[in-house]
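Report on one structure; see the data block that follows.
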Amino acid sequence: MAPLIESLSRIASRVEILARGVESDRLAAERMLDRKRPLDAREHARNILAKVPDSPLGLALWADAAEAAWLDHEAIEALEALARQVPWRADVWLRLGRVGMRSGHPHARDALERAASAPDERASARRALLDLCDLDLAEGDPARAVRWLERIPAGLGTQKDEAALLRRAECLLALGRDHEASEIAEGLADTVGEEAVAPAVDEEREPGRRALLFAKLAWTHGDPRDRRTGAGEPTLGRAAALMNAMRAFILDVPGAREMLATILSFTRDAKTLADARAIVAGAGKFDEPSLVAAFAFAEGRREDAREALVRAVRAGDALAAPALARLAVETRDIGSLEALAEHAPRALPPGLGKMLAAQAALGKSAGEEALAALDAVDGDPELEAWADELRARAYALLTEGERADWPRLLDVLLAEARELGQSRELLRIEGLGAELERPIVLAIVGEFNAGKSTFINAFLGVDVAPTGILPTTATLHRVAWAADRFARVILTGAPDRIVAHEALKATLAELQSQSSIIDRVQIYAPIERLRWVEILDTPGFNAPNPEHARAAMRAFDEVHAVVWLLDATGPLKATEAEILKKVAEMGLPVIVLLNKLDRLGEADLERVTEHTRTGLAEIGLTAAAGPLAFSAKLALAGRLGDEAALARSRWKDAEDEISKSVVDRADTLREQALRRRAARIASELAEHAEKRAAEARAVVEAKAARATKLRTLAGPLLERPDEAVAQISGAVDEPVRALLADLRPLAQIVDGARDEVTIASYAAPRAVARLARPLSDALAKSLSIDEATFGPAFVAVALEGCVAGGVVATDVGERMTSRMLRAGVRAFGSALLHEASDLEARAARPKVERRLRALAEALRR
């Protein structure tokens with residue numbers, strides 16, 4: 001920055017200096033500064049102040065000399081005194097803030113904010129805003145940092161403010177908005193050779209900052225400069241990342257060493273590592289713990305890398321702690337976190353602290369405690385994959401063993417469903433709890449006329465399931481235990497029908513003739529086997545009505561095992577193979593039976609059995625039992641008393657397999673079915689959460705688009721308010737005339753009698769009442785903004801500021817209203833930037849979706 005004496009000497013009075021005979025000291029001090037002899041200049045400046053205390057020129061010379069000599073404490077003392085003498089000078093506040101930043105002065109931010117608020121010194125205000133952005137970036141608050149940038153007016157024409165664009169990209173990258181940061185980076189790559197709207201704040205380091213930005217983007221997404229040519233491949237991205245990180249490292253940019261260490265850790269090319277070693281050694285940084293660890297990690301010596309950083313952390317090396325934290329994330333090493341927590345707990349980031357807490361909870365099998373800790377990690381993209389891994393382990397604690405911890409699992413699912421507001425899923429989850437003690441449900445599946453109802457009757461030993469019903473009336477039939485024999489026909493849109501077993505066929509036929517919609521049929525009987533196994537008879541998949549096939553598919557959601565009946569005279573048709581493949585994918589155990597044995601000879605039976613076995617293998621289905629051939633018709637006759645028919649039916653083989661595969665494995669089947677259903681519910685809830693998140697993202701994207709538009713519109717208002725005033729003059733002429741009439745009495749007051757406080761209290765409310773809303777509405781209309789409810793409040797504050805600043809006390813004519821309008825236009829521009837910042841709230845990735853997907857995965861294992 002230019003010396004303060006150059007700017008102050010143009011406005012400060014030298015009369016007193018000449019009168020006190022210290023003009024020679026002033027000239028000598030300036031000469032010493034030109035000759036790079038700041039300590040000599042300092043002595044001459046102090047001579048001036050000894051004879052002319054609080055002289056602005058003397059203070060400016062002292063500040064310039066002290067800063068040039070790196071005497072920051074003296075520079076701050078001089079600048080604070082100078083700021084009291086010329087509080088309107090933004091360049092003084094800027095210099096005070098920047099020296100304060102360098103020395104850690106507690107009021108550095110306040111000084112920069114004073115400089116940033118200067119309306120007429122745009123260059124100093126811009127530099128102060130950039131410095132404030134840097135402060136917040138360094139403090140890890142990119143959301144606040146980006147707001148300072150929004151107060152910088154946009155460039156003129158095709159010119160670009162590279163410093164502001166660079167910092168905006170850094171903020172967006174820190175906020176996780178990588179795509180937007182990449183788009184800005186592409187623009188920065190195009191600014192080489194263009195005229196910038198303003199020079200960089202720290203020209204010798206801005207190229208390094210840009211290189212570091214490119215390194216970070218290339219490391220995660222490929223070189224942004226290669227996107228336009230389609231060359232952004234991973235290998236090119238890594239090469240670009242390393243090249244840019246090296247450049248930033250050589251230029252000693254803050255954060256470059258850490259970025260270089262990260263990239264080197266994953267570099268495996270020996271020549272590249274050798275070149276990097278030479279550069280690091282040339283910079284005298286070869287012994288830096290983070291770089292030592294990076295080279296060790298790259299060479300496969302992970303333990304050496306961790307030990308090097310742990311030793312440095314134990315020795316109190318402040319720079320080793322972040323490197324150890326980074327190594328912990330990159331390698332998912334809990335041991336590194338434990339060392340960091342033990343030796344440098346203040347350097348442990350909150351997210352990693354939660355990861356460590358989750359690991360400790362997992363160590364004592366406290367899954368729910370681990371999950372609670374991991375919830376606080378969501379939103380950190382670097383930790384999400386690691387958090388998902390630990391989350392899966394936490395859920396595994398609830399699902400391990402032969403029987404999951406269902407009370408706790410169901411509580412987890414209920415809590416998630418409540419958070420998402422899914423009442424239907426709440427009922428389904430509560431229903432899972434009842435399944436723990438209910439009988440096994442065995443689905444009897446096959447195409448129409450495969451003999452399903454006959455099989456059920458044979459299995460139960462009584463004729464309870466309706467046979468011979470037309471395919472158009474087929475529906476789900478559930479056979480369960482009850483003390484009495486009856487059937488319940490559940491209808492859609494009509495009362496249920498309760499009938500005796502003997503009347504069921506006639507009732508179904510009657511309802512069919514009336515076009516009634518049958519939802520399902522519940523058949524009850526006091527058969528002992530039904531206490532342990534309930535039967536679900538499904539519609540045929542080849543029934544004329546497609547809804548019957550869909551009903552049969554839905555049946556798989558509520559069963560524990562499947563008996564698939566194939567017609568032995570034509571087994572495993574293409575339609576059957578298609579459905580069986582879906583059943584195999586669902587993980588349901590399937591017993592495959594070939595019915596109608598009585599229609600085949602022995603040779604044909606062997607051929608059909610082998611054909612079925614080959615077909616099952618082709619669709620990837622490993623049957624729990626079978627294929628076994630039998631005759632349901634003969635079996636039913638045998639169960640009803642015909643011993644010869646029972647012997648010919650081979651029913652005992654089929655019954656034994658069902659007992660072994662279903663009845664004897666009831667507990668296992670019940671557990672497997674519960675896991676499938678719970679996993680399905682968790683997946684559906686996760687999809688709902690993702691859909692809700694997508695809707696939220698769409699809203700955020702729409703808001704971001706509007707924010708971009710508002711920022712674009714704000715620039716001209718802040719830079720060229722006179723043009724906006726001219727454009728809306730017709731719309732505000734009448735309220736301006738009314739305001740002038742209101743203020744006319746003030747013009748009659750004699751100058752000496754004017755009391756500024758009284759005048760301000762009179763004028764301010766009238767200016768606000770007359771101009772705030774009309775001016776805001778006129779600007780909104782001229783800019784084609786649908787809603788501008790946020791504008792009047794900002795405009796009102798600006799108008800009050802004009803009055804409080806003494807404008808009315810010195811001029812109550814058209815010049816005064818013109819200044820008010822310009823202030824109002826600038827305020828409206830500031831309102832647009834404020835609204836843009838509010839609109840850009842970032843939608844966090846939903847915790848619910850990640851938790852539910854991890855739970856579903858754990859249940860499927």
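The values are calculated or read from the model by the stated rules, or taken from the named source; none is laboratory data. From a predicted model like this one, the values you see are computed outputs, not experimental measurements. Positions of Cβ are backbone-derived with ideal geometry, glycine not excepted, and every protein chain shown enters the neighbour counts. These accessible areas exclude ligands, DNA and RNA; they are computed on the full protein's heavy atoms, side chains included. Shrake-Rupley method; radii C 1.70, N 1.55, O 1.52, S 1.80 Å.
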If we scan region 772-785, do we find a residue that is modelled with pLDDT of 80 or more, small (Gly, Ala, Ser), over 16 Å from Ala731 (Cα atoms) and buried (at least 20 other Cβ atoms within 10 Å of the Cβ)?
no
I'd like the residue in region 734-757 that is surrounded by fewer than 14 Cβ atoms within 10 Å (Cβ to Cβ) and within 30 Å of Ala780 (Cβ to Cβ) and, out of all such residues, is modelled with the highest pLDDT.
Glu734
If a residue must be loosely packed, with under 15 Cβ neighbours inside 10 Å and at pLDDT below 85, how many such residues does region 468-491 contain?
3
Anything in region 238-273 that is of a type in the set (Lys, Arg) and assigned to a helix (DSSP H, G or I)? List them, or say none.
Arg238, Arg247, Arg257, Lys271
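Given the residues Glu857, Glu835, which is the only one that is modelled with pLDDT of 80 or more and open to solvent by 20 Å² or more (accessible area, probe 1.4 Å)? Break it down stepwise before answering.
Values: Glu835 fails: modelled with pLDDT of 80 or more.
Exactly one of Glu857, Glu835 is modelled with pLDDT of 80 or more and open to solvent by 20 Å² or more (accessible area, probe 1.4 Å), namely Glu857.
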Yes/no for Val15 being modelled with pLDDT under 90, more than 29 Å from Arg127 (Cα to Cα) and open to solvent by 40 Å² or more (accessible area, probe 1.4 Å):
yes
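Condition first: more than 32 Å from the chain's Cα centre (by Cα) and either aliphatic (A, V, I, L, M) or open to solvent by 10 Å² or more (accessible area, probe 1.4 Å) (or both). Can you find one or more residues in region 329-341 that meet it? Spell out the reasoning first.
Of region 329-341, the ones more than 32 Å from the chain's Cα centre (by Cα) are none.
No; the residues of region 329-341 include none that is more than 32 Å from the chain's Cα centre (by Cα) and either aliphatic (A, V, I, L, M) or open to solvent by 10 Å² or more (accessible area, probe 1.4 Å) (or both).
Scan Ala312, Ala318, Ala361 and give me the residue that is at pLDDT 85 or above and of a type in the set (A, V, I, L, M).
Ala361
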Return the only residue of Ala793, Ala841 being of a type in the set (Gly, Ala, Ser), at pLDDT 70 or above and over 27 Å from Arg744 (Cβ atoms).
Ala793
Within region 45-75, the residues that are touching a helix residue (DSSP H, G or I) at 6+ places or on another chain (Cβ under 8 Å) and open to solvent by 50 Å² or more (accessible area, probe 1.4 Å) are Arg46, Asn47, Asp54, Ala68, His73
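What about Ala632, is it touching a Lys or Arg at 6+ places or on another chain (Cβ under 9 Å) and within 28 Å of Phe459 (Cα to Cα)? Before the answer, list the steps.
Numbers: touching a Lys or Arg at 6+ places or on another chain (Cβ under 9 Å): yes; within 28 Å of Phe459 (Cα to Cα): yes.
Judged against the criteria, Ala632 is a match.
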Search region 68-113 for residues being more than 45 Å from the chain's Cα centre (by Cα) and acidic (Asp, Glu), and hand back the single one that is farthest from Ser124 (Cα to Cα).
Glu74
Return the residues of region 608-641 that are part of a strand (DSSP E or B) and either of a type in the set (Lys, Arg) or modelled with pLDDT of 90 or more (or both); say none if nothing qualifies.
Pro627, Leu628, Ala629
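Determine, yes or no, whether Ala323 is open to solvent by less than 60 Å² (accessible area, probe 1.4 Å), in a helix (DSSP H, G or I), under 24 Å from Leu251 (Cβ atoms) and at pLDDT 85 or above. Before you say what the answer is, go through the steps one by one.
Values: open to solvent by less than 60 Å² (accessible area, probe 1.4 Å): yes; in a helix (DSSP H, G or I): yes; under 24 Å from Leu251 (Cβ atoms): yes; at pLDDT 85 or above: no.
When the stated conditions are applied, Ala323 does not pass them.
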Test each condition in (1) of a type in the set (Gly, Ala, Ser); (2) open to solvent by 10 Å² or more (accessible area, probe 1.4 Å); (3) part of a helix (DSSP H, G or I) for Ala318 and report the one that comes out false.
(3)
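On the given criteria, is Met259 open to solvent by 70 Å² or more (accessible area, probe 1.4 Å), of a type in the set (A, V, I, L, M) and either touching a Gly at 6+ places or on another chain (Cβ under 7 Å) or modelled with pLDDT of 85 or more (or both)? Outline the logic, then answer.
Details: open to solvent by 70 Å² or more (accessible area, probe 1.4 Å): no; of a type in the set (A, V, I, L, M): yes; either touching a Gly at 6+ places or on another chain (Cβ under 7 Å) or modelled with pLDDT of 85 or more (or both): yes.
So Met259 does not fit the description; no.
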Before we move on, is Ser365 among the polar types (S, T, N, Q), touching a helix residue (DSSP H, G or I) at 6+ places or on another chain (Cβ under 7 Å) and open to solvent by 20 Å² or more (accessible area, probe 1.4 Å)?
yes
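Hey, among the residues in region 720-733 that are surrounded by fewer than 17 Cβ atoms within 10 Å (Cβ to Cβ) and touching a residue at least 24 places away in the same chain (Cβ under 8 Å), which one's nearest to Ser117 (Cα to Cα)? Lay out the reasoning, then the answer.
Going residue by residue through region 720-733, those that are surrounded by fewer than 17 Cβ atoms within 10 Å (Cβ to Cβ) are 720, 722-723, 726-727, 729-731, 733.
If we keep only those that are touching a residue at least 24 places away in the same chain (Cβ under 8 Å) as well, we get 722, 727, 731.
Details: Asp722: 20, Gln727: 26, Ala731: 30 Å.
Step by step, filter region 720-733, then rank; the result is Asp722.
In region 692-701, which residues are open to solvent by 60 Å² or more (accessible area, probe 1.4 Å) and free of Cβ contacts under 8 Å to residues at least 12 places away in the same chain? Talk me through it step by step, then tell me what you get.
Here is the first cut: in region 692-701, the residues open to solvent by 60 Å² or more (accessible area, probe 1.4 Å) are 692, 695, 697, 699, 701.
Selection gives Glu695, Glu701.
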In region 370-385, what count of residues is obtained for those that are at pLDDT 80 or above and buried (at least 21 other Cβ atoms within 10 Å of the Cβ)?
4
Pairs, first farther than 16 Å from Arg676 by Cα and touching a residue at least 40 places away in the same chain (Cβ under 8 Å) in region 431-447, second assigned to a helix (DSSP H, G or I) and of a type in the set (Asp, Glu), C-beta under 7 Å, six or more apart
Glu447/Glu576
Listed by first then second residue, the pairs whose first member lies in region 668-691 and is free of Cβ contacts under 8 Å to residues at least 40 places away in the same chain, whose partner is of a type outside the set (Lys, Arg) and open to solvent by less than 10 Å² (accessible area, probe 1.4 Å), with beta carbons under 8 Å and at least 6 positions apart or on separate chains, are none
Residue in region 639-656 that is nearest to Leu572 (Cα to Cα), counting only those that are open to solvent by less than 30 Å² (accessible area, probe 1.4 Å) and touching a residue at least 40 places away in the same chain (Cβ under 8 Å)
Ala654
